[in-house]
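First, the structure itself, so that you have it in front of you.
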Amino acid sequence: ARVASIDSKGRVACTPTVTSTLDPDTTYPAVRWGAGYKGPTVTSYPLPSEFSFEGQATPLDRLTVKHLTLLFTAHVHKPPSCLTSWPRRLRVQALATCIPTATVSDGRHSATIATPVSVHRNSIPTLAPLTQHFRNTGLLSFKDWHLYFKHILHRALSTRHRRGEARTVCRLCHRERESCAHLGRCRIIAHLFSRIKLIIPDTPAPSRDRILFCYVEDQRLPLVTTTLCLLLWKFTLIDFYRVDIDNVTFKADDVWTATLTRLVHAAASKCVHIRSLRRRYHSRGEQPPPRFLDRFQLLVAPLFSYGEYGQLYFSEALTRHLKCRDLHHLLDYATKRDDAA
């Protein structure tokens, strides 16, 4: 055996001389720290395999800045104000004070996060499913959902009452006082959200909570339903503010057309992503996994579907609706079945 030494970076350097006299009582297994060695077991503390932070199962030698940030901020983290403000505004029971946790993982790292859950039947639905749409992993970008996130979910809507105007009635329906909670029962917005059923027949009738929180309480509905609601809120809020700023009339048809256009463009953009990933697999001499398309199909079903090589197919209900609204140019994004064959 050779005598080895460890430098300050954990690198092992062996001496060229060979030593044949080793006492078995003085030899101990070496402790690894990441890619290097920490030293003998009896003199190394703490051992990465035996110690970890409370609430974090990651070994000490695998902790990253993200893990440490999550641990340090967990003690001072406060839930978003909307979780306590919405029940008061809507006059329903408060959300649960006990917030359970869930473990999320990206394959290499895992972290424990708080997931707000409502426990009362008359309380607002859990807002946790909305967070999966506020990421770059879905169809939408920040520009698509930031208006809803700020002006509806966090109640920053600039109403006539907040601006101190004499007219406080809703600028859309002209019936009730304009407020963030009123938009959930405004007949103009309710009629706009009822159009979702034209392309997704299983969608239930819109209610106040379903409109305000994008159908998140209906777990059986596809993800594209919430995506469609977020886009509806985007273009509804844009034209909502234009009523007073530009003195124009709110047109629900224009909002619906803009929503469908953006939805088709977002679904078509994933085709490029699918083809790019497939080329990456082939460049490595590999084949895509058997369920390669499942995560993409989950985002767009049942309105769209993707082919093996990134083709985009429209559902029959969506195709009929686009033709009825004379939006034939959007059908150009679809791949014909004959061409795919």
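Which aspartates and glutamates does Lys323 reach when only Cα atoms under 14 Å apart count, and residues fewer than 8 places away in its own chain are ignored?
Excluding near neighbours in sequence, the set is Asp332.
Can you compute the charge dipole magnitude of region 263-325 about its Cα centre, using +1 on each Lys and Arg Cβ and -1 on each Asp and Glu Cβ, nothing else charged? Give it in debye, rounded to the nearest 20.
Dipole about the Cα centre, nearest 20: 180 debye.
For region 249-337, compute Rh as the Kirkwood radius over C-alpha pairs and then the Stokes-Einstein diffusion coefficient at 10 °C and 1.306 mPa s; write the answer in µm²/s, rounded to an integer.
Rounded to a whole number, D works out at 111 µm²/s.
Still on this structure, please answer the following. I need the calculated FRET efficiency for the pair Asp253 and Ala57, taking r as the beta carbon distance and R₀ as 56 Å, to the nearest 0.05.
0.60
Once the other residues with Cβ under 13 Å from the Cβ of Glu165 are scored (Lys, Arg +1; Asp, Glu -1), what is the net sum?
+4
State which entries of Lys197/Lys251; Lys150/Lys270; Lys78/Lys270; Lys143/Lys336 exceed 29 angstrom in Cα-Cα distance in the structure shown.
In this structure, Lys78/Lys270; Lys143/Lys336 lie more than 29 Å apart at Cα.
Given the alpha-carbon gyration tensor of region 237-288, what are the semi-axes of its equivalent ellipsoid in whole angstrom, ordered largest first, with each equal to the square root of 5 times an eigenvalue?
43, 10, 5
Same structure again: Quote the charge dipole size of region 229-341 about the Cα centre in Debye, to the nearest 20; the model charges only the Cβ of Lys and Arg (+1) and of Asp and Glu (-1).
So the magnitude is around 540 debye.
So for region 203-313, what are the equivalent ellipsoid semi-axes in whole Å, largest first, each being the square root of 5 times an eigenvalue of the Cα gyration tensor?
Over the Cα atoms of region 203-313, the semi-axes work out to 35, 18, 10 Å.
Please identify every one of the trypsin sites (Lys or Arg not before Pro) in region 138-230 that sits in a loop by DSSP and has no more than 14 other beta carbons within 10 Å of its own beta carbon.
Those that pass, being in a loop and sparsely packed, are Arg162, Arg163, Arg167, Arg175, Arg220.
None of the figures in this text is laboratory data; all of them are computed from the coordinates on show. Everything numeric here is computed off the predicted structure, so don't read it as measured data. When we count neighbours, we look across all protein chains shown, and the Cβ atoms used for this are built from the backbone with ideal geometry, even at glycine.
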